[in-house]
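Visitor: The structure that follows is given in the form of structure tokens.
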Amino acid sequence: MLEKLKLYAELIRLNRPIGIYLLLWPTLWALWFAAQGVPDLKILIIFSLGVGLMRSAGCAINDYADRNIDLHVARTKNRPITSGRITANEALAVFALLSLVAFLLATQLNLDTLLLSIVALILAASYPFMKRYHHFPQVHLGAAFAWAIPMSYTAITNRAPPLDAWLLFVAAMAWTTAYDTQYGMVDRDDDLKIGVKSTAILFGRYDNLINVFLQLFFISLITYVGFLNQRGIIFYSSILITIVFFSYQYYLTKNRQPEKCLRAFLNNNWVGMVIFIGIALDFLVTSKPL
């Protein structure tokens, strides 16, 4: 039984929590902006747990969808399903169970947020199949990872997400597309051989140039969101630090070496963290006493 649980933990990447972090940071940005400071503790806990559950569910359905493709990719050929250590049906059961728990968590929120959670589930379940049909699965992932942003606003404010929520949503989509393109650059040679589609393949020799554009677009939008929310020097300082991180990522990916592209992808955890710290500290020092 213990060995089976270890396999399930490997399936949902508990040993590689980077995906949880990359999904969590935009969620926290949105919660703090929507609440104009520290959000309600119950809502914060629900969203934090939901992030972990949905990222884990996404890993399970991803490995189910890619169980034949993963055989031909050096980085993924030893995953639990592909290596035969668990069955495809077991992976589906794990996905269903985690999704159900996440949905039950969402029932503790208002109706609008609950309805939006259904969209989140559809995005998470459909993303792994997109690489078979078009070259923009990274954009689809961006929508899935950013969907917690409008959910956060409805949970906090009990009304439809305002303009700054959707601007933050688009910003997070651009950021996700950029870093998942870096991730796609790691597997590009294998993906070309087996016919899998990605932005890394579509962008070709313009991959770094387009990624820089996406990152600048992200910087512009999140800076404007900060302006709309009357943020101060601490927030804008975090944006300047983010530009330094993006410059470092360009340095890593400029020669397109897979191991350095992976390091660039992982570096985005620091981007999300620094921006969150900037938002949280800025609200903390500028908040007015009741």
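The values are calculated or read from the model by the stated rules, or taken from the named source; none is laboratory data. Just so it is clear, the model here is predicted, and its values are computed rather than measured. Reconstructed Cβ throughout: ideal geometry from the backbone, glycine too, with neighbour counts over all protein chains shown.
Visitor: Any residue at all in the range 258-273 that's among the polar types (S, T, N, Q) and surrounded by fewer than 16 Cβ atoms within 10 Å (Cβ to Cβ)?
Guide: no
Visitor: Also, I was wondering about something else. Quickly run through the range 48-98 and pick out the residues that are assigned to a helix (DSSP H, G or I) and of a type in the set (Val, Ile, Thr).
Guide: Matches in the range 48-98: Val51, Ile61, Ile69, Val94.
Visitor: Name every residue in the range 195-212 that is loosely packed, with under 13 Cβ neighbours inside 10 Å and either assigned to a helix (DSSP H, G or I) or of a type in the set (A, V, I, L, M) (or both), in order of residue number.
Guide: Gly204, Arg205, Tyr206, Leu209, listed by residue number.
Visitor: Out of Phe235, Phe227, Phe218, Phe246, which single residue is in a helix (DSSP H, G or I), touching a Phe, Trp or Tyr at 6+ places or on another chain (Cβ under 7 Å) and modelled with pLDDT of 95 or more?
Guide: Unique residue meeting the criteria: Phe218.
Visitor: Take the range 5-47 and flag every residue that is at negative phi, buried (at least 19 other Cβ atoms within 10 Å of the Cβ) and in a loop (DSSP other than H, G, I, E, B).
Guide: Listed by number, the residues that qualify are Ile12, Pro39.
Visitor: Given the criterion at pLDDT 90 or above, surrounded by 21 or more Cβ atoms within 10 Å (Cβ to Cβ) and over 17 Å from the mean Cα position of the chain (by Cα), identify the matching residue among Leu109, Leu97, Leu105.
Guide: Exactly one of Leu109, Leu97, Leu105 is at pLDDT 90 or above, surrounded by 21 or more Cβ atoms within 10 Å (Cβ to Cβ) and over 17 Å from the mean Cα position of the chain (by Cα), namely Leu109.
Visitor: Name every residue in the range 257-276 that is of a type in the set (D, E, K, R) and out of contact with any helix residue (DSSP H, G or I) (no Cβ under 6 Å at 6 or more places or on another chain), in order of residue number.
Guide: We begin by selecting, within the range 257-276, every residue of a type in the set (D, E, K, R); these are 259-260, 263.
Glu259, the sole residue that qualifies.
Visitor: Specify which of the listed residues (Ala171, Ala143, Ala102) is free of Cβ contacts under 8 Å to residues at least 60 places away in the same chain and over 28 Å from Tyr64 (Cβ atoms).
Guide: Unique residue meeting the criteria: Ala171.
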